[in-house]
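Q: Below is one structure. I have some questions about it.
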Amino acid sequence: MISRLLIFDIKGKLAHFRKFYTSSSSLSYAFPPRTTITGLIAAILGKERDTYYEEFDAKNCRIALSIRNPIRKLIQTVNYIRTKEEDGYSTAKGVIKRFIERDINKYPTPMELVLPADFTEEIAYRIYFWHQNDEIMDMLALKIRERKSAYPIYLGLSEFLAEVEPIDELSEESIKENFTHQFLNISSVLLANYIEELLFEEADTPLQYISEKMPVEFEKGRNIKSNEDFIYEKSQRIVMAKLKVPCIEIFYTERNREIKEDIVFME
């Protein structure tokens, strides 16, 4: 059992989380993989690229994610530009010369974008985070409360800037392990291996489940250490399931509103 939990939102207008097995077309996950979430947290804390994999592996920290606003996907063709050193892009002078002469190799590539279903809203992912190191928890909690980040954070691509919004900080009294053979409304995305049975309809409303194969951890060299299948619900954003494992029942406050949720960590 964990005794402390940080809850915060990551928000933005556009997102692209490239599927690791995609080829000519850049397809996107609907939500950030665990590896991307740890990268976002590392950016907030100011950790250098590729230095934090062991520190944030499944033995040291736990992460859950829920999709807060409805999303949709759109395919858009973008022009990638070849900028290899042998093409004259090794110096600023070479880059300027190429652009002046319009000697540019463009490669039109379909890219799948994640957008809010309602353009008056933003994409919003809620992160639930615990780390065994209290110093990391304290530092992250301070950064989030102050809405500060050591490095810019973004939703998959550096062009898709994001912002962090604090929600709550839970102590042991607000966190409870719950194991039942009844159907539960799971707010977070759910590891497929944890599911015993899914409910496909609630109050005559069909539930649409989508499975995503995603990386869970990296090892040195940015090689994928493990990947898993995750389930999320497209429209209601709550997975109705019986579980093989205990879930975590949490109670927290958002904008003076008391909230109870059942979540399952991604590890």
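Q: Out of the residues in region 189-208 meeting the condition of being surrounded by 14 or more Cβ atoms within 10 Å (Cβ to Cβ) and in contact with a Leu (Cβ under 6 Å, 6 or more places away or on another chain), tell me which one is farthest from TYR125 (Cα to Cα).
A: Once the filter is applied, the top-ranked residue is TYR194.
Q: All but one of (1) assigned by TED's automatic domain parsing to the domain that holds PHE119; (2) surrounded by 12 or more Cβ atoms within 10 Å (Cβ to Cβ) hold for ARG49; which doesn't?
A: So ARG49 meets the others, but not (2).
Q: Tell me whether region 73-91 contains one or more residues that are in a strand (DSSP E or B), crowded, with 17+ Cβ neighbours inside 10 Å and either at pLDDT 95 or above or out of contact with any helix residue (DSSP H, G or I) (no Cβ under 9 Å at 6 or more places or on another chain) (or both).
A: Our first condition is that a residue be in a strand (DSSP E or B); within region 73-91, this holds for 73-81.
Now restrict to residues that are crowded, with 17+ Cβ neighbours inside 10 Å: none.
No, every residue in region 73-91 fails to be in a strand (DSSP E or B), crowded, with 17+ Cβ neighbours inside 10 Å and either at pLDDT 95 or above or out of contact with any helix residue (DSSP H, G or I) (no Cβ under 9 Å at 6 or more places or on another chain) (or both).
Q: For region 51-76, name all the residues that are among the basic types (Lys, Arg) and under 15 Å from the mean Cα position of the chain (by Cα). I'd like the intermediate steps shown before the answer.
A: Residues of region 51-76 that are among the basic types (Lys, Arg), as a first pass: 59, 62, 68, 72-73.
Across region 51-76, the qualifying residues are ARG62, ARG68.
Q: Please go through region 5-50 and give me each residue that is closer than 20 Å to VAL216 by Cβ, at pLDDT below 90 and more than 15 Å from the chain's Cα centre (by Cα), ordered by number.
A: TYR21, THR22, ARG49, ASP50
Q: Is there any pair linking a residue in region 226-247 that is over 20 Å from THR36 (Cα atoms) to one that is at pLDDT 95 or above and of a type in the set (Lys, Arg), with Cβ under 7 Å and at least six apart or on different chains, and which?
A: Listed by first residue and then by second, the contacts come to nothing, as the list is empty.
Q: Inside region 123-182, can you point out the residues that are among the small types (Gly, Ala, Ser), under 18 Å from the mean Cα position of the chain (by Cα) and under 19 Å from LYS260 (Cα atoms)?
A: Within region 123-182, ALA124 is the sole residue that qualifies.
Q: Would region 144-156 turn up any residue that is at positive phi, in contact with a strand residue (DSSP E or B) (Cβ under 7 Å, 6 or more places away or on another chain) and not hydroxyl-bearing (Ser, Thr, Tyr)?
A: Of all residues in region 144-156, those at positive phi come to 147, 156.
Narrowing further to those that are in contact with a strand residue (DSSP E or B) (Cβ under 7 Å, 6 or more places away or on another chain): 147, 156.
Add one more test, that the residue is not hydroxyl-bearing (Ser, Thr, Tyr), and what stays is 147, 156.
Yes, that holds for at least one residue.
Q: Here is a further query. Quick one: how many residues across region 204-225 are of a type in the set (Phe, Trp, Tyr) and without any contact (Cβ under 8 Å) to a residue 40 or more places away in the chain? Please lay out each step first, then the result.
A: To start, the set of residues in region 204-225 that are of a type in the set (Phe, Trp, Tyr) comprises 209, 218.
Filter once more, so that each one left must be without any contact (Cβ under 8 Å) to a residue 40 or more places away in the chain: 209.
Residues meeting the conditions: 1.
Q: Looking at (1) in a loop (DSSP other than H, G, I, E, B); (2) loosely packed, with under 14 Cβ neighbours inside 10 Å, which one does PHE31 not meet, given that it meets all the others?
A: PHE31 satisfies all of (1) in a loop (DSSP other than H, G, I, E, B); (2) loosely packed, with under 14 Cβ neighbours inside 10 Å except (2).
Q: Among what's in region 93-144 and is assigned to a helix (DSSP H, G or I) and not assigned by TED's automatic domain parsing to the domain that holds ILE167, pick the residue that is surrounded by the most Cβ atoms within 10 Å (Cβ to Cβ). Even if it seems obvious, please write down each step before you answer.
A: Our first condition is that a residue be assigned to a helix (DSSP H, G or I); within region 93-144, this holds for 93-100, 134-144.
Adding the requirement that they be not assigned by TED's automatic domain parsing to the domain that holds ILE167 leaves 93-100.
Values: LYS93: 9, GLY94: 14, VAL95: 14, ILE96: 10, LYS97: 13, ARG98: 17, PHE99: 11, ILE100: 8.
Here the answer is ARG98.
The values are calculated or read from the model by the stated rules, or taken from the named source; none is laboratory data. Because the structure is a prediction, the values reported are computed rather than measured. Because the Cβ atoms are built from the backbone with ideal geometry, glycine has one as well, and the counts that use them run over all protein chains shown.
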